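Reading through the structure tokens given below for one structure.
The values are calculated or read from the model by the stated rules, or taken from the named source; none is laboratory data. Since the structure is predicted, the reported quantities are computational estimates derived from the model, not experimental observations. Counting neighbours? That spans all protein chains shown, and the Cβs are built from the backbone with ideal geometry, glycine included.
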Amino acid sequence: MSDRTFHILLLPGDGVGPEVTAEARALLEAVGPAVGARFVFNEGLIGGAAIDAYGTPLRDEEIDAALASDAVFLGAVGGPAWDNLRGEARPESGLLRLRKALGLFANLRPVRVFDALVDASPLKPQIARGADLLVVRELTGGLYFGRPSERRTDEAGRRAIDTLPYTDHEIERIVDLAFRLARQRRRKVTSIDKANVLATSQLWREVATEVGERYPDVTLEHMLVDAGSMRLIARPRDFDVLVTENLFGDILSDEAGVLAGSLGMLPSASLHGEPPTRPGTVAPMFGLYEPVHGSAPDIAGQGLANPLGAILSVSMMLRFSFGLADAADAIEAAVEDALAAGYRTRDIGGTATTAELGAQVRERALA
Ligand code: GGG
């Protein structure tokens, strides 16, 4: 087994971020020797923690450190302490700036319903069971980055503007990635838009259709976001890969958390490079990994947060950035085992603490 050293910039962030990233870090440090790898962590600040320390949600130093790393692992940003801030002063803008600076246009959010958690979803077991889909969210365009984005007060009163721009290039590259990922799954892409109303969605649908013509072996369907959001919880097994713009992707993947039993279960990878070349393997690429959930300030510091979204995120890191697919498989199997043995945090109907569930996964990943 070769000895490989991987440098990870760790940005725990705010709220439950430090608690869940600590469990995932402990897991990586524990499995490293078994897979001939060494994970070296360099810690930095982002979000509210960075505002408190440096007066800004993200410094250039953290961007430079990210560029010097093999991967970035992030917890969560935001919280009520910074709710009075606006625009680029807000904690969330640090995360947006980081994604943009690193060119991470593709956010992969897999949603898997573990058998042991079918009863944790409010949906009927026959609806949630076996659902396994991948949301591919465009991450560096759309409303999140369009300008102007501002507030002003004039004779008509208070006014706020956001702008929703997309170019054909931005749409083409994310939809193309979705097709390549679908080729490794069940060969179906559902492109979600609002083409009956929005000009950007009409362009989206046009470009997605053109991309689809290059993949005759993959089925493409178009769906309006309103119908898609209903279908997602009524017939989730109809979906394989969903591809959509930034805001729709954020909302739909949070909705999909209901299928998995809790938003706390969902991991994510943000990438700019090539997708895997064959199932379970990649030409290693740089990426940012983070649980889909936010900072959950209401439960922060109490040991109640679910660490599995963070743990499954480092499993994606092993797979996509480090080429350690076997180790990633072992972690996913350990999560499945721990859940099957009944270990659950409060959000998925149990009483285990963050640290207890993290330890159960660690023990099984090393077995
Ligand atoms: N771990 C994800 C997180 O902290 N999300 C907070 C947030 O504001 N995210 C913005 C977005 O993903 O759209």
* Consider Ala355 carefully, then state whether it is in contact with a Leu (Cβ under 7 Å, 6 or more places away or on another chain) and either in the same structural domain as Gly32 (by TED's automatic domain parsing) or within 22 Å of Asp132 (Cβ to Cβ) (or both). => no
* **Options Leu143, Leu133: the member that is in a helix (DSSP H, G or I), assigned by TED's automatic domain parsing to the domain that holds Glu206 and touching a helix residue (DSSP H, G or I) at 6+ places or on another chain (Cβ under 9 Å)** => Leu143
* Report the residue count in the stretch 141-163 for those that are in contact with an Asp or Glu (Cβ under 8 Å, 6 or more places away or on another chain) and within 16 Å of the ligand (Cβ to nearest atom). => 5
* To do: Would you mind stating whether Leu95 is part of a helix (DSSP H, G or I), within 11 Å of the ligand (Cβ to nearest atom) and within 30 Å of Gln360 (Cβ to Cβ)?
  => yes
* Structure fact -> The residue from Ser69, Ser93 that alone is more than 21 Å from Ser321 (Cα to Cα), touching a residue at least 24 places away in the same chain (Cβ under 8 Å) and of a type in the set (S, T, N, Q) is Ser93
* **Positions within the stretch 326-367 being touching a Lys or Arg at 6+ places or on another chain (Cβ under 8 Å) and among the small types (Gly, Ala, Ser), in sequence order** => Ala328, Ala333, Ala334, Ala338, Gly350, Ala352
* State whether the residues of the stretch 337-345 include one that is buried (at least 24 other Cβ atoms within 10 Å of the Cβ) and either more than 19 Å from Pro18 (Cα to Cα) or without any contact (Cβ under 8 Å) to a residue 24 or more places away in the chain (or both). => yes
* Members of the stretch 66-84 that are more than 14 Å from the ligand (Cβ to nearest atom), assigned to a helix (DSSP H, G or I) and surrounded by fewer than 18 Cβ atoms within 10 Å (Cβ to Cβ) -> Leu67, Ala81
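Conditions tested, residue by residue: (1) in contact with a helix residue (DSSP H, G or I) (Cβ under 7 Å, 6 or more places away or on another chain); (2) within 16 Å of the ligand (Cβ to nearest atom).
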{"residue": "Ile174", "(1), (2)": "no, yes"}
{"residue": "Val189", "(1), (2)": "yes, no"}
{"residue": "Lys194", "(1), (2)": "yes, no"}
{"residue": "Thr200", "(1), (2)": "no, no"}
{"residue": "Ala208", "(1), (2)": "yes, no"}
{"residue": "Glu213", "(1), (2)": "no, no"}
{"residue": "Phe248", "(1), (2)": "yes, yes"}
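Yes or no, residue by residue, for (1) surrounded by fewer than 14 Cβ atoms within 10 Å (Cβ to Cβ); (2) in contact with a His (Cβ under 9 Å, 6 or more places away or on another chain):
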residue	(1), (2)
Arg158	yes, no
Leu164	no, no
Thr167	yes, no
Leu177	no, no
Ala195	no, yes
Ser201	no, no
* To do: Select from the stretch 12-58 the residues that are without any contact (Cβ under 8 Å) to a residue 40 or more places away in the chain and in a loop (DSSP other than H, G, I, E, B) and write down the one among them that is farthest from Ala296 (Cα to Cα).
  => Gly36
* Structure fact -> Screening Ser229, Ser262 for residues that are within 28 Å of Met317 (Cα to Cα), crowded, with 17+ Cβ neighbours inside 10 Å and among the hydroxyl-bearing types (Ser, Thr, Tyr) leaves only Ser262
* **Check on Glu170, within 22 Å of His272 (Cβ to Cβ), acidic (Asp, Glu), within 16 Å of the ligand (Cβ to nearest atom) and not assigned by TED's automatic domain parsing to the domain that holds Leu95** => no
* Asked: Identify, please: which residue in the stretch 98-111 is within 13 Å of the ligand (Cβ to nearest atom) and assigned to a helix (DSSP H, G or I) and is, among those, nearest to the chain's Cα centre (by Cα)?
  -> Arg99
